[in-house]
Amino acid sequence: LKPINPVELEGAIQKAVFQRSSPEYPNLLKGLKATVQERTLEKIALPNGTGVHFITLDDILYLKADGNYTEVFLRNSNKILVTKLIKEFEDILKSEGFIRTHKSYIVNIKYAKEYCKKLANCLVLEGDISVPVARRKKEEVLSYLMTKYSH
């Protein structure tokens, strides 16, 4: 189903590979994994009270819920207050290398530097920005990171 969740897709493919044990399936897995990990969006429209910003996905560090609005934090330290709920962004960005870490946060996984569990579970992003990871999201976030960066 769209949008594709890379972790779920890879798990389903690995299960099929195990069940089939055919020499063709590992090549299929590699091809599908590469296809899923490619971004399909270049930019995203961010409507605010004065107009619409068109921002490249690579410029977004993370998003934070703010009531009926969403704050979009950019790599250049600017932020844009957007007139959309964070849930709407989750649906759009799920297959673009972003993951929901908490009810109020979505991060661009490309800029993850460290998973920290000292005082509270958090994800440290570029610029030493700490974003919380909810207890119920911990396993999903760690699994996604390990799948993406363990080759």
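Rounded to the nearest 0.05, what FRET efficiency do Asn48 and Lys113 give with R0 = 35 Å and r taken as the Cβ-Cβ distance? Could you check?
E(calc), rounded to 0.05, equals 0.75.
With a 1.4 Å probe and all protein chains left in place, how much accessible area per residue does region 50-151 have, in Å²?
On a per-residue basis, 56 Å².
Once label points are set 7 Å from the Cα along Cα→Cβ at both Ile129 and Asp91, what is their separation, rounded to one decimal in nm?
In this crude label model, Ile129 to Asp91 measures out at 2.5 nm.
The values are calculated or read from the model by the stated rules, or taken from the named source; none is laboratory data. Nothing here was measured: the structure is a model prediction, and the numbers come from that model. We place every Cβ from the backbone using ideal geometry, glycine too, and count neighbours over all the protein chains shown. Heavy atoms of the whole protein, side chains included, go into the accessibility calculation; ligands, DNA and RNA do not. Shrake-Rupley method; radii C 1.70, N 1.55, O 1.52, S 1.80 Å.
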